[in-house]
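Pasting a structure below so you can have a look.
The values are calculated or read from the model by the stated rules, or taken from the named source; none is laboratory data. Everything numeric here is computed off the predicted structure, so don't read it as measured data. Because the Cβ atoms are built from the backbone with ideal geometry, glycine has one as well, and the counts that use them run over all protein chains shown. Ligands, DNA and RNA are stripped out before the accessible areas are found, and what is left, the full protein with its side chains, is counted by its heavy atoms. Shrake-Rupley method; radii C 1.70, N 1.55, O 1.52, S 1.80 Å.
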Amino acid sequence: MIVSEQGWVRAAKGHEVDASSLQYKAGDSFRAAAMGKSNQLAVFLDSTGRAYTLPAHQLPSARGHR
């Protein structure tokens with residue numbers, strides 16, 4: 001998973017993806033990345049401490065503009 005500075009989350013397939021070198025929308029850039037498998041849950045925490053889950057395979061692809 002790749003997270004941008006503006007909070008967009010995308011799934012990048014492959015083992016050797018250099019997330020910091022991907023292209024992002026104007027004004028946006030790389031923030032963080034996490035490795036996992038497509039059959040796992042992605043867990044997101046909001047500023048109030050609530051947790052949300054989403055199957056990783058449902059995340060949009062990191063191909064194209066991020």
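What do you reckon, how do Ser4, Ser47, Ser29 stack up by accessible area (1.4 Å probe), largest on top? Each step should come with its number before you reach the end.
On the way: Ser4 5, Ser47 125, Ser29 50 Å².
Sorted by accessible area, descending: Ser47, Ser29, Ser4.
Separate question: Please give the contour-minus-distance gain from Arg31 to Glu5: 0.36 nm per residue of separation, less the Cα-Cα distance, rounded to one decimal in nm. Working shown, then result.
Working: separation 26, 0.36 × 26 = 9.36 nm, distance 0.50 nm.
Full-extension gain reported as 8.9 nm.
Counting only heavy atoms of protein chains, what accessible area per residue, in Å², does the chain have with a probe of 1.4 Å? Intermediate results must be reported in sequence, preceding the final value.
Working: 5180 Å² over 66 residues.
For the chain, the per-residue accessible area is 78 Å².
Also: For the pair Gln58 and Leu45, how long in nm is the line joining their label points, each one 7 Å along Cα→Cβ?
Going from the Gln58 label point to the Leu45 one covers 2.2 nm.
How far, in nm, would the chain grow between Val17 and Ser38 when pulled straight, counting 0.36 nm per residue and subtracting the alpha carbon separation?
Numbers: separation 21, 0.36 × 21 = 7.56 nm, distance 1.50 nm.
Taking Val17 through Ser38 to full extension adds about 6.1 nm, to one decimal.
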